[in-house]
Structure formats: C-alpha cells, structure tokens
1. Taking Rh as the Kirkwood radius, which is the inverse of the mean 1/r over Cα pairs, what is the Rg/Rh value for region 71-218?
2. Tell me, LEU303, LEU499, LEU343 in order of fewest to most beta-carbon neighbours within 10 Å?
3. After finding the eigenvalues of the alpha carbon gyration tensor for region 492-540, what semi-axes result from the square roots of 5 times each, listed largest first in whole Å?
4. Under a cut-off of 23 Å between alpha-carbon atoms, report the lysines in cross-link reach of LYS309, not counting same-chain residues fewer than 8 places apart.
5. Quick one: order MET539, MET251 by neighbouring beta-carbon count within 10 Å, fewest to most.
6. Could you name the lysines whose alpha carbon sits less than 17 Å from that of LYS476, not counting residues in the same chain fewer than 8 places away?
7. Return the tail of the calculated pair distribution for region 447-604, meaning the percent of Cα-Cα pairs more than 24 Å apart.
8. From the Cα trace of region 439-521, what convex hull volume per residue do you get, rounded to a whole Å³?
Amino acid sequence: MKHSYHRFSFGRLSIRQRLTFLICTLLFAAIIIYGFANYYSIQKASLIVGKERLNTISRQINTTFSQSAQFLANASNKAASRKEVAQFLKSRGTQYRKETLDILGNLRRDSTWVWIGLLDSNRTPVIHTDNSTITVKTNIDEAISSARGKGDFSQMGKIFVQNSAVYFPIISPVKDGGKAIGYIVSWKSLLAGPKAVAQFSQLVGVNSTFYIGNTDGSLWTDLIKPLHHVPFTIKKMGELIEYNDPADGEMMAMANRIPYTGWLLIVSFSEKSVLTGVKGFANWIIVAGLILMVIGIITAWMLSRNITKPLNVLTNATTAISRGNYSSYLIGEMYGSYELRKLAAAFNIMASEIHLMRNTLENKVEERTAQLENVNKELEAFSYSVSHDLRTPLRAINGYSVMLNEDYEDKLDNDGKRMIKNIMANATMMGQLIDDLLSFSKLGKKELALSQVDIQLLAEQAADELLHHETPGKYKMIIEALPTANADYGMIKQVMLNLVGNAIKYSAKKTKPEIEIGFRDEAESTVYFVKDNGAGFNMAYADKLFGVFQRLHSLEEFEGSGVGLALAKRIILKHKGEIWAEAKENEGATFYFRLPKNLNDEQSNKDE
C-alpha cells in the first residue's frame with residue numbers, strides 16, 4: 001500500500017492562515033526574546049546577589065568562630081593564671097591538687113572535650129581530669145607551637161586527626177616570674193555529625209558546605225570527616241573562588257582566616273541553589289507565554305477573518321470574470337472600511353473595461369483572421385504560380401538551348417557554345433532555386449510526424465547517397481554510434497543530407513578530406529554534429545550563415561542555392577531545437593544541432 005507524504009509549504013497556505021501564522025510567529029519570537037532577556041538578566045543579578053551573600057555568610061560565620069575561639073582561649077588563659085595551678089606545679093603535685101582538678105574540670109563544658117590536663121615544664125602530663133576519655137597522640141611541641149598566640153595569650157592550635165576523628169588543642173602556659181613552668185592542655189573534638197551540619201546548612205540557607213583546615217593546608221575537615229585537601233586552589237583570602245564540582249556543577253566559595261586560631265574557614269555553595277528562584281521565574285514565563293500564544297492565535301484568527309472575507313468575495317468575482325461571466329460586480333457598501341469600498345469600486349470599473357475590451361478584441365481577431373486567410377490564399381496562389389507558371393518558360397529556355405546546342409553545334413564558335421552552356425546551367429540552377437524555395441515555404445505548414453529515428457542509420461544512408469558519385473576512398477568518413485532521437489524522419493533526413501552534403505562540398509578541394517559525424521549527450525537533449533576539415537569560414541559572418549540565399553563563398557568556388565542551411569534551421573526550430581556552427585578559415589567547420597529528448601506532438605506542432 002502506497003502512502004503519499006506532503007511536505008509543508010508556506011506558499012500553500014491561505015492569506016488567512018498566513019496572517020495568523022505570521023502574527024503568532026512574531027508573538028512567539030517576542031515572548032522568547034523577552035523571556036530569555038529577563039531570564040539571563042535575573043540569573044546574572046541572582047549570581048551577583050549570591051556572591052554578596054556568600055561574602056556576608058563567610059564573614060558572619062568567621063566572626064562566630066572567632067568569638068568562640070577567643071572565649072575558649074580566655075577561659076584557658078584565666079585558668080592558667082590561677083595561683084593554685086602554679087603552686088601545684090611548683091610543689092610537684094603535693095599541694096593544691098583538689099583545687100587544680102576543680103579548675104581543670106571547670107574548663108570542660110560538654111562531651112566534645114576529650115582530654116583536659118596539666119603538663120610540667122618538660123611537657124610531661126602531671127594530672128588530668130577524671131572524664132578525660134581519649135588521649136590524643138601527637139607531637140606536643142608542634143601542638144604548643146601552633147597554639148601560641150600574641151603575648152601571653154593562647155589560641156586554638158592546629159587540627160589533628162586520630163582514628164578518623166579530628167581534634168584541636170587549646171594550650172595556655174602556666175607562668176611563675178615570667179617563665180613557663182607548665183601548660184594547661186585541652187583537646188576538643190571538631191566533628192559535629194552529619195545531622196548537625198545539615199541543620200546548620202539549612203539555617204544558613206542555599207545548602208552551604210563548610211570546610212575548616214590548618215593554615216598550612218596540612219589537614220581539612222567538612223565537620224563530618226577529615227579531608228586531605230579541598231577541591232580547589234585558594235589564591236587569596238576573602239576572594240571569590242569559582243570551581244566545578246562533578247556532583248553539584250558550578251560552585252562558588254570564599255576562604256578567610258579565623259582570628260585566635262590557626263585555621264582557615266571556607267564557605268561554599270552551588271550556583272544551582274542560588275538560581276532555584278530563577279528557574280521558577282522561567283517556568284512562569286513559559287506558562288504566561290503559552291497563554292499569550294493561545295490568546296494571540298484566537299485574536300489573529302478573528303482579525304484575519306475580517307480582512308480575508310472581502311478578499312474571498314473579490315477572488316470569487318475575479319474567477320467568474322475569468323470564466324466569461326462579466327456580470328459579477330462587487331457591492332462596495334457591504335464593506336465597512338473606506339479602502340475596501342474603494343477597492344470594490346475600482347474592481348467594478350475594471351470588470352466593465354475588460355468586458356468592453358473583450359468585445360473589441362473579438363472583433364479585431366475576426367478581422368485579422370479574415371485578413372490572414374486572404375494572405376494564405378494569395379500565398380497558395382503564388383506558390384502555384386511559381387511551381388507551374390514559372391517552370392514552363394524555364395523548361396522552354398532549357399529545351400531550346402539543348403536543341404540549339406545539338407542542331408547548330410557545328411555552326412557555333414567557342415563563345416557561342418560557352419554561352420549556350422551557361423544558359424542551360426543557369427536555367428537548371430533557377431529550377432533548383434524554385435524547388436528549394438517551395439520546399440522552404442511549405443515547411444511552415446507541415447506538421448511533425450514524430451517517431452524514434454535511428455540517427456546513425458540515417459547518417460550512414462546520407463553518406464552513401466552523397467558519396468555514390470565520388471571517387472571511392474577519397475573521403476575519410478567517421479560515424480560514431482549515434483543515439484536515436486524522437487523526431488520527424490523525413491525532416492531530419494533532409495537536415496542530415498544538407499549538413500553532410502555541405503561537408504563533402506566544402507572539403508572536396510582538400511588532399512585528404514575527412515568528415516566526422518558524432519554527438520554529445522546532455523541532461524535534457526542530445527547534440528549531434530557534422531565536422532569537416534574543408535574551407536571553413538570567417539566566424540564574424542556566422543550570423544548570416546542560416547539566412548535564405550546567404551552565401552559566404554562565391555559560386556565559382558562552390559556551387560549551391562543558399563537555401564540548404566536555412567531549411568535545416570527551420571526544421572530544427574520546428575523540433576524545438578537549436579542549430580549553430582563553429583569554424584576557422586581553411587581549417588574546417590563543425591555544424592551542431594540540438595534535439596530535445598522528451599519532445600511530443602503537442603509541443604512540436606505549436607505555432608512558432
């Protein structure tokens with residue numbers, strides 16, 4: 001079962017459909033351009049606001065951590081300045097033991113404090129609280145160095161990892177006479193757990209991620225687990241960092257140093273979370289655009305109906321006039337607008353003028369037809385006169401010349417014999433000219449009888465017929481395998497005889513005359529050619545070549561009537577083809593004629 005598919009074409013739409021389509025297209029383009037412009041403007045503004053918000057959040061959290069660190073460091077420093085602690089260390093643990101344990105115990109505020117103790121000047125543990133559950137094994141010298149602040153005050157030291165847990169120390173020196181005789185060391189866990197981190201992130205907003213790490217980058221944590229590095233490079237404190245995360249896409253972050261600590265704080269969140277509201281706006285734009293599109297289609301359809309209805313009436317009236325019904329007039333009052341009333345009035349005037357012109361034209365056609373019939377009759381009478389009345393005196397001239405030549409040949413001198421022969425030759429040539437002229441005039445009336453003509457066989461027959469009286473072997477004849485043509489056999493034979501005859505005639509004076517008959521295939525036609533190496537001609541006179549009685553050589557050089565090529569041209573034109581020639585003097589000539597491949601009787605027999 002065959003299915004037919006029709007490609008959409010704007011040209012097939014009615015004016016009403018085109019107008020609706022055009023209005024909707026313009027409306028759709030306006031909505032798209034406006035929507036995208038607003039979307040990208042809001043997106044850009046949202047990203048700017050997001051970056052400002054990131055800076056604000058980073059500073060606020062940094063301040064919070066700084067205040068907490070300062071509070072814890074002050075508490076530790078205050079405990080280290082108590083006289084009881086110094087006396088305990090100086091007495092090597094024999095005095096103020098209970099008071100020292102109470103002071104150390106007061107430093108523990110929740111379960112995240114895993115170890116609180118006192119070290120002597122050799123940094124050897126002397127005493128620790130009973131609830132110190134975990135001993136952080138690390139280089140105590142590195143810890144003390146990282147926790148040393150300005151002057152006599154301490155700060156939070158570097159973070160350390162032990163058994164996948166992250167801890168940091170708060171170390172305050174115990175001094176006597178300006179010299180450190182020991183240290184209060186407090187170890188606190190830095191991990192908060194996924195739930196607490198998620199709650200804090202929601203509190204801050206935009207699904208933030210937090211990183212805390214040592215200033216030397218040796219260790220990081222996201223407050224859930226330890227990390228060896230962060231997924232970006234920090235170039236400058238307080239400067240926006242943009243990077244791509246495989247899971248969350250484009251990200252923005254900012255790093256700051258936390259006062260009273262040896263840490264860096266990084267706050268990071270995705271651009272996607274910042275643009276959540278922008279996507280909602282885009283969805284709203286789409287919905288609003290669809291509603292406007294529907295309203296636009298309905299409005300455009302109604303407007304186009306008011307415009308196209310009068311056009312439909314005008315089209316119907318025009319169609320009626322084209323079919324000969326000149327009584328179809330438009331009533332201008334039925335249209336509301338001034339322009340349409342004016343159009344209707346102009347159409348009515350045009351219809352009246354057409355009716356009048358048609359009647360006048362019919363009268364002129366009848367008059368011209370009668371004149372043409374009279375001319376044709378005169379031409380037929382002239383042809384009859386030429387073919388009968390002119391032949392009789394020519395036959396008489398030729399007959400008397402023959403009789404004179406035969407009966408009085410011995411009485412005529414050489415000049416008389418020459419003149420008799422010239423009279424006979426010219427009478428014969430005059431008869432040939434009359435025959436050619438009649439053939440040329442009759443060709444216009446003759447209709448083509450199309451059939452598949454074997455051009456190769458036709459060329460071979462023409463060559464055999466024309467070379468019959470020539471010396472065998474004098475002419476080298478090359479005939480290619482020529483394709484058939486849809487043409488009139490008799491007419492194309494006449495063309496082939498004329499062209500091959502010319503080639504033989506004009507190459508006869510060559511020592512080795514050569515004639516080639518070939519073709520060139522084209523998409524919609526076939527070009528045949530007859531080529532010789534004869535006398536050729538000057539291409540400056542090529543436009544005169546196919547005229548009646550036009551000759552480019554004198555009769556003394558080459559005989560002929562000057563009608564053959566004109567006859568060939570008329571035949572080819574009747575076949576809707578083309579004929580032309582190319583040549584060089586004394587080098588030969590090539591005559592081409594083109595025949596269409598798909599010629600039919602209806603096309604060929606139309607008036608030229």
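Since every read-out is calculated from the coordinates, none of them should be taken as a lab result. Since the structure is predicted, the reported quantities are computational estimates derived from the model, not experimental observations. When we count neighbours, we look across all protein chains shown, and the Cβ atoms used for this are built from the backbone with ideal geometry, even at glycine.
1. Numbers: Rg = 16.5 Å, Rh = 16.2 Å.
Rg/Rh for region 71-218 comes to 1.02.
2. On the way: LEU303 14, LEU499 27, LEU343 17.
Ascending Cβ contact count within 10 Å gives the list LEU303, LEU343, LEU499.
3. Working: eigenvalues 102, 32, 23 Å².
Those come to 23, 13, 11 Å.
4. Output for LYS309: LYS342.
5. Working: MET539 14, MET251 20.
Ranked by crowding around the Cβ, least crowded first: MET539, MET251.
6. LYS505, LYS509, LYS510, LYS512, LYS531
7. Numbers: 3805 of 12403 pairs.
Above the 24 Å cut-off, region 447-604 has 31 percent of its Cα pairs.
8. Values: hull volume 9.1 nm³, N = 83.
With only Cα atoms used, region 439-521 gives 109 Å³ per residue.
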